[in-house]
Amino acid sequence: MSVFSAKSFRNHEQVVFHQDKASGLQAIIAIHDTTLGPALGGCRFWRYEDDAAALDDVLRLSRGMTFKAALANLSFGGGKAVIMAPPGAKKSTALFQAFGRFVNSLGGRYVTAEDVGTSPRDLEIVHGVTPYVAGVADGGAGDGDPSPATAWGVFHGLKAAVAASFYRDDLHGVHVALQGLGHVGGYLAEHLAQAGAVLTVADLDPSRLAWAKANLGAEVVDVDKIYDVAADVFAPNAMGAVLNDETIARLRVRAVAGSANNQLAEDRHGQALAERGILYAPDYVINAGGIINISHEGHAYDIDRAMAHCARIHGTLDEIFQRARREDRPTNEVADQMAEERIAAHATAGGVGLRAAVG
Ligand code: NAD
């Protein structure tokens, strides 16, 4: 397995492999860039097909975190951890303690958090071994659940997409086709309904659908029909890669704005959306509310300030949309470039983050 020539390797600063025989832990931490500060990113617990798949995931995700923090104007770099789930995918206290020691060994260059497959309880165990954990309950930022903050940021990002597509500042009567009513999608649907939007929703969980129908007046469609709904905005809040050759051709909306990570199956799908006249709110920009909330953690946590910061995603997206229009380029490309420019400007100004510490 190659690292420096792996397809997702893009100038990562550090990639560390770790095994703890006693607990069965096999994990990789990738630190993509610490120019802006310590590398922050969740820990994923997943049953990977092989080591190469785990490496590809951690390299891709850590780079995404760099861009996400940069465009949210945070003093964090980008990192990520993956734990290769042992046979039977069994979690244990010993496994997460071993992971905590691994995180600790990096001396704060990487700060971990919850991600797919890890729970607040797992992170509490990690936190028992290392201080380098974000989003845990004692940080003062609520109960450690990032979803309300993420949903608040997505709500404001969706408003920016509506403003840019329909030249209007309110959501009254705006029709949103919403995929996924989970932690984020549920809060988002509530905000949208409160703002007067009309909702058509799809979810695999019938209880979530019944809730949205009864409480938000939402119309329900089958999961595979959500792409065909004639609406104003498509809001994906479930899985990744939902914007692909097949679905983009079916979409009957003017904008895509939702919380899901890695929405574009491939980068070229950003261009495919633009060619169909569909405005895409880049996923890592619109879903940054959780990490923005983490940046406010601490004993002086002020929820109003944190939520106001999440709402500023609107302004960041305005900038991206305007530049994309001016330069006639897809929004995902413009977002990547803006993130790279912010990091370069910070480095030029002498703020070299943690790079200085490691020489
Ligand atoms: P979740 O697991 O709570 O919710 C996902 C929902 O999608 C569930 O209700 C599930 O039943 C539904 N779903 C799954 N497959 C579906 C399908 N094919 N069609 C329709 N619905 C389907 O997850 P979440 O925390 O709400 O996160 C949603 C997305 O946002 C994920 O992609 C996640 O990575 C991303 N995200 C979440 C946060 C956060 O703060 N939780 C932050 C950034 C990004």
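The values are calculated or read from the model by the stated rules, or taken from the named source; none is laboratory data. What you see is a predicted model, and the numbers here were worked out from it, not measured in a lab. Cβ: placed from backbone, ideal geometry, glycine included. Neighbour counts: every protein chain shown. The protein model used for the area step is the full one, side chains on, heavy atoms only, and it has no ligands, DNA or RNA in it. Shrake-Rupley method; radii C 1.70, N 1.55, O 1.52, S 1.80 Å.
Given R₀ = 25 Å, what would the calculated FRET efficiency be for Ala52 paired with Ser105, taking r from the Cβ atoms and rounding to 0.05? The computed FRET efficiency comes out at 0.55. Listed by chain and number, the lysines whose alpha-carbon sits under 25 Å from that of Lys21, ignoring those within fewer than 8 places in the same chain, are Lys80, Lys90, Lys91. Remark: the stretch 130-245 carries 41 Å² of accessible area per residue (probe radius 1.4 Å; ligands, DNA and RNA excluded). Projecting label points 7 angstrom from Cα along Cα→Cβ for Arg268 and Gln322 puts them 3.3 nm apart.
Could you let me know the centre-to-centre spacing of the stretch 57-77 and the stretch 229-269, using Cα atoms, in angstrom? Cα centres, the stretch 57-77 to the stretch 229-269: 21 Å. Annotation: amide H of Leu178 within the under-5 Å range of Thr200, Val201, Ala202, Ala235, sequence separation 5 or more or interchain, hydrogens built in the peptide plane. Put the Cα centre of the stretch 166-225 next to the Cα centre of the stretch 86-101 and the gap is 37 Å.
Note on Ile343: accessible area is roughly 20 Å² with a 1.4 Å probe, heavy atoms of protein only. When Tyr167, Tyr301 are compared by accessible surface with a 1.4 Å probe, the order from highest to lowest is Tyr167, Tyr301.
Taken per residue, the accessible surface of the stretch 258-359 reaches 49 Å², heavy atoms only and a 1.4 Å probe. Ranking Tyr280, Tyr187 from most to least accessible surface, computed with a 1.4 Å probe over the protein chains only, gives Tyr187, Tyr280. When the Cα positions of Met84, Pro146, Leu123 are compared along the charge dipole of the stretch 42-198, Met84 comes out farthest toward the positive end, with charges on each C-beta of Lys, Arg, Asp and Glu. The modelled label-to-label distance between Ser8 and Lys21, using points 7 Å beyond Cα along the C-beta direction, is 2.9 nm.
Quick one: go through the stretch 20-58 and flag any residue whose amide nitrogen is under 20 Å from the point 7 Å out along the Cα-to-Cβ line of Asn244. Under cut-off, by backbone N: 47-50, 53-54, 56-58. Label separation (Tyr167 vs His183): 4.0 nm, computed from points 7 Å beyond Cα along the C-beta direction. Averaging the sequence gap over all C-alpha pairs within less than 8 Å and six or more residues apart, then dividing by the number of residues, gives the chain a relative contact order of 17 percent.
Hydrodynamic analysis of the stretch 200-359 uses the Kirkwood radius over alpha carbon pairs. Inserted into Stokes-Einstein at 10 °C and 1.306 mPa s, it gives a translational diffusion coefficient of 89 µm²/s.
Among 152-164, 211-223, sorting by the average number of other beta carbon atoms lying within 10 angstrom of each residue, highest first, gives 152-164, 211-223.
Selection among Ala54, Ile226, Ala193 by position relative to the dipole of the chain gives Ala54 as farthest towards the positive end (Cβ unit charges, Cα centre). Here the stretch 50-179 is assigned +1 on the Cβ of each Lys and Arg and -1 on the Cβ of each Asp and Glu. Its dipole about the Cα centre then comes out at about 240 debye. Under 5 Å from the amide H of Leu25 lie the amide H atoms of Asp20, each residue being 5 or more positions distant or on a separate chain, with H modelled from the backbone and absent for Pro and chain starts. Counting 0.36 nm for each residue step from Val116 to His299 and taking away their Cα separation leaves a gain of 63.2 nm. When the solvent-accessible area of the stretch 1-125 is split by element, carbon and sulfur atoms take up 51 percent of it, the probe being 1.4 Å. With N as its number of residues, the chain has a Cα radius of gyration that, divided by 2.2 N^0.38 Å, comes to 0.97. Ranking Gln14, Gly42, Ala27 by how far each Cα lies toward the positive end of the dipole of the stretch 1-89 (charges on Cβ) leaves Gly42 at the top.
Heavy-atom surface analysis with a 1.4 Å probe gives the stretch 147-342 a carbon and sulfur content of 49 percent of its accessible area.
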